[in-house]
Structure formats: structure tokens, C-alpha cells
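Asker: I'd like to ask some things about the structure below.
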């Protein structure tokens, strides 16, 4: 803390003794800033319920207190920030702890896990530096079921406190200058501008921007350089943003100061979306499409019984009278997804077959109310000498990769929709191993669901460019 006092003016109004007392109090305040610490509820692990663990956490928290060395932040304040940021208490990451620490000016958090192994309770507790994410101290305790653990928790709290470094982190020491929780300025309701220049550079500081986004600074993980149009907007608000008069770098490069922006979703918004139901409107916003026509619904057997799906398979030959009828899909099998009011919803792996289907296909697709969402990833099952993976866009189909004795080619990195699929499901979907597993129905649907939802909450969109 820097003290600036006009002693001459003050002394004219106060006696020397009073002046001495004021200065002493100010210096005492500046030199005795305490580290702020929060104790989170311990997490329930193997063989134990969260209710039991909450009781253990409460007793530990009763003894984890030392007013001479640190200030304990109320649990209700931590709970409030977790809710506001859209985090999940049971699965806080180190990055999310950093964010909570920034908002509340907390330097350290105490977290723990409780498991029952071989009839014994095992508690493992650690102190996390919320600025760096580093674990500063660890300790634990073990006791048999039915044994009183109050004294054990008292001793555990005492040992852990003795191991801690009580020097406040830079977040607390310099909170007014280093961290400004409300300092991101939004222009025209969409462009969020980082509060400070990060430096002057002669080339794009790619690695610095990547590392800043990993830290989720100011609640975002998608900071980037502005476009020329965005920089012009920033220039028009330069006094509001505190921008310098020199050159600023834009997304295409150049030399100058770097001020980052983002027009994407915040971490809090993404976390909320991860918990919400995926709707038709949300899919359309991300660039996905539905068929312009309404086709008849066909009931298909799946893991949870019959479920209605639109007849989305079109003509497979010239003058195909069974195009978009149930005869193309009435012998199909569905894996994954769920039936809501009798209609298929969610990410699905489906083996398509029917009385009038010319060849079996495996597809990976999302469904809403029984309607298929495009683009769709597909492969042919009956071609024993060929491994093929391609795209169905509804009105057209084409390949991304083909491997086999008769014909081999690879457009995974040149066709825009193939690149879209890598953004959605991951880089490895066009590897030979993944393609073979897809053809044989051996894929990790839960992991693909996670990848799909991550794409939905990201700032990426499906590109329907013509190749």
C-alpha cells in the first residue's frame, strides 16, 4: 500500500500527537494485510455419501481458524460466486478456483476428498494457491467406521495450518491494480475489450494469447486480436478504454500495441449451456440445419424400445419410389439418445437398414423430436474391402476419406464440412482406427456426446461453404 499524505496541510489542523497516532494506524493497516482463505466442502468419493462428508467438512472448518494469520471467507460468499459463474461445486477445476479467488480476492482454498477403503474413512486435504493453481500443502487422516473423528479433524486442521505459507498472493496484495473484476468494457453490446494493453509486439503473440486463455482471465477463454473494423470501433471509444495514441495490432498481423477482444461466450455462459437442454434454436444458432420438408415418422427399435424417427433416407437410385419412406429405415437399430414423448432425441449411433434399403449404413447424428440434424457423419457397412467415411447434408452426400484396395483418397483437410466434423467430434475421427471402429459400431458415444456439447457451447459455427 502506498501512502501519500500532505503533512504540511494536515499538521496545520491537527496536533503533533494526533498526527503521530493517525500515521501509526495507517502504517499498521498497510503492513498487516492478511491472506484470505476459503474452506470448501469436501467431496464424497468411494463408499461414502455427501451428507456424511458435509458433516466431516463442518467439523474440520470449525477448527480451521487462526485470526492472527489469516481471514476466513464465509462459505456463503463462495457459494454465491459459484452460482453466479455457473460452476458446479462437485467438479471445480483449478482454473475455476482461480476465477473464484479473483472475484473474492482469495489467495488460497482448502479442498478435500473423503473415501471409505477397507472399512476405514480416509480424508485427504490440500491447500491450493488460487493464483497459480499449485498445491502448497497436503495432509490427511484415517479412522475406522463408528469411531469419533472430532479430535482427528482438530489435529488435521492444526497440522495443515502449520504447513501453510501465510504470505498474501499478488491478487490480494495488489487487488486494486492487478485485478479489476468489472473492468472488461463491452462496446455495442457484443464486443468485450480486455482492460489493458498486454504489450508492444512486432509479430502476433500467439503463445501469450493461448496461455492467457488457459487462465480464463476476466471470465473468458477466447481472447483474440481485433479485426480492423473492431479496432476502428475501439479507437472511437479510446478515452473510455484508456488506449494509447500509437499503432495497435489487428488479427491479420502488423506491429504495435496489443489489446485483446472477444465477442464469444464467457466461461459462466458456457457452463450454464453445458447444463441446459440442447434445443432446436441452439443448434440452428450453431449452424446446424434441418430438412426443409416434413417426412413421415417411422418407429425404430432401440435400447429403450420403439422410438419415432423421420424417414430421412432419400433416393438411392433413379426413380426410387421408396425415397423418404419408412421402408428405407424400418429395420434400423438405434444406440444412444432417448425417447421423449415417443420421439428420438440426442446424439445417436444408428445402423440404418430397411426393406428397401440398398445397403447398410452407420451414421452418427443428433436428433430433435425425431428429426435428424445435418450434417451427418456416415459410413458404409457392407463394403468389406473398403473403409469409407463421409457426410450427408440432406440434399447431398460426399466422402471425406476412403481407404481400400480399389480406391483410396483423403479430403478431410480440404472439404469444409469434413473440417467441420473434426471441430465437432475431434481430430482423430478420420484416422484409420477410428473409421474402422465406426464401421464396426465400436465407438465411445459418451465421449462423442461430450465433444458435441463442447462444440455447441464454443464460439465455432458450422460452415456450409461450397468446395
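We did not get these values from a lab; they are worked out from the coordinates using the rules stated. Remember, it's a predicted structure, so these values are computed and weren't measured experimentally. Using ideal geometry, Cβ is built from the backbone for each residue, glycine included, and neighbour counts are taken over all protein chains shown.
Asker: Which percent of Cα-Cα pairs in region 182-267 sits in each 5 Å bin, short to long?
Answerer: 3, 15, 29, 27, 20, 6, 0
Asker: With a Cα-only, solvent-free Debye model of region 375-425, what are the log10 I(q)/I(0) values at q = 0.12, 0.15, 0.18, 0.27 Å⁻¹?
Answerer: -0.25, -0.39, -0.55, -1.07
Asker: How many percent of all Cα-Cα pairs in region 35-173 sit more than 26 Å apart?
Answerer: When every Cα pair of region 35-173 is considered, 20 percent fall beyond 26 Å.
Asker: Cα atoms only, the chain: Rg and Dmax in Å?
Answerer: Gyration radius and largest Cα-Cα distance of the chain: 29.6, 105 Å.
Asker: Given a cut-off of under 8 Å on Cα pairs at least six residues apart, what relative contact order in percent is computed for the chain?
Answerer: 9 percent
Asker: Next up: Based only on other Cβ atoms within 10 Å, what is the fewest-to-most ordering of 223, 409, 143?
Answerer: 409, 143, 223
Asker: Related question: I'd like the projected area of region 277-457, averaged over all directions, using the convex hull of its alpha carbons. Report it in nm² with one decimal.
Answerer: One quarter of the hull surface, i.e. the mean projection, equals 10.1 nm².
Asker: How large are Rg and Dmax for region 408-467 when calculated on the C-alpha trace, in angstrom?
Answerer: Radius of gyration, then largest Cα-Cα span, for region 408-467: 12.3, 35 Å.
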